[in-house]
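Presented below is the structure to which this report refers.
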């Protein structure tokens, strides 16, 4: 090699390797496609070696690129280990706490709880991220996760906050004489990108999937669509019961009841800010309308998710 790679070079190689394309790497790095292209060309020029082979399916690493990407992964894990060690030794309620959850849980559960938490601990800066996927707490993509899951990853430690019950809801306008009966009401369903397999299976088994007239890629989107009268749909009770425009049809669907877990990495569980957040959310769990689960007061390592 003609030049020693810099930290940004390792990050570039890792982003291209993991994304498999320049556009994907650009999204990961928060820059545009042209910037990634120029940086890759400059890196290869300095090293005097090609880092990636270009082909129709994307970019694959050469031995040089693989070395850079592998080294970057080790550096990322080492950095995460160091951050957790520093956080573990932190006894002050200051710093940044990053939480990953779903859009509905953020709006209905976390925001009210975090409002109180911030009043009590103004030195802690809260960051939140919402997506269908569980962010990697091992790589410090987030510090704490609040997620509905039957199988929390075995690398995390946490506490079950209760169980989320779900029922079929419809807009009050649909129940008016002009709205027609239940059989004439179409259904609101999750978009495939949500990965909401349990609800998709329930709708197929119930034979209502063929009557879907609207898809949404988030739980909040589904709730808004149902309330607007676009159709009936299955929604979490904690979300729907607070909406005056919705009416529940029947009881909770037993097969869709899901445990809600508060999770973190064991290395930072006893840090001051994480401990305070756990206690604040756990103190509110019985007031959130969730069904109490058998493991609601336990804290333990869990087996990995099986999909």
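Modelled label positions at residue 8 and residue 77, each set 7 Å beyond Cα in the direction of Cβ, lie 2.7 nm from each other.
Suppose each label sits 7 Å from its Cα in the direction of the beta carbon; what would the residue 28-residue 241 distance come out to in nanometres? With each label point 7 Å from Cα toward Cβ, the separation is 4.3 nm.
Cβ-Cβ distance of residue 70 and residue 228, R₀ of 45 Å, FRET efficiency by 1/(1 + (r/R0)^6): the value works out to about 0.35.
Given R0 = 45 Å, the distance between the Cβ atoms of residue 54 and residue 206 translates into a calculated FRET efficiency of 0.40. Fully extending the segment from residue 127 to residue 96, taken as 0.36 nm per residue of separation minus the present Cα-Cα distance, adds 10.4 nm. For region 7-86, count all C-alpha to C-alpha pairs, find those more than 16 Å apart, and express that count as a whole percent of the total. Considering region 7-86, 49 percent of its Cα-Cα pairs are separated by more than 16 Å. The slack between residue 254 and residue 41, meaning 0.36 nm per residue of separation minus the straight C-alpha distance, is 71.1 nm. For region 166-256, averaging the sequence separation of C-alpha pairs within contact (under 8 Å, six or more residues apart) and dividing by the residue count gives a relative contact order of 48 percent. Centre-to-centre separation between the Cα atoms of region 198-260 and those of region 147-174: 13 Å. Here the extension length gained between residue 172 and residue 120 equals 14.8 nm, from 0.36 nm per residue of separation less the Cα-Cα distance. Stokes-Einstein diffusion for region 166-256 at 4 °C, viscosity 1.567 mPa s, with a Kirkwood radius from C-alpha pairs, works out to 100 µm²/s.
Any read-out appearing in this document is the output of simple, stated calculations on the displayed coordinates, not a laboratory observation. Computed from a prediction, not measured in an experiment: that's the story for all the values here. Cβ sites come from the backbone with ideal geometry, for glycine too, and all protein chains shown count toward neighbours.
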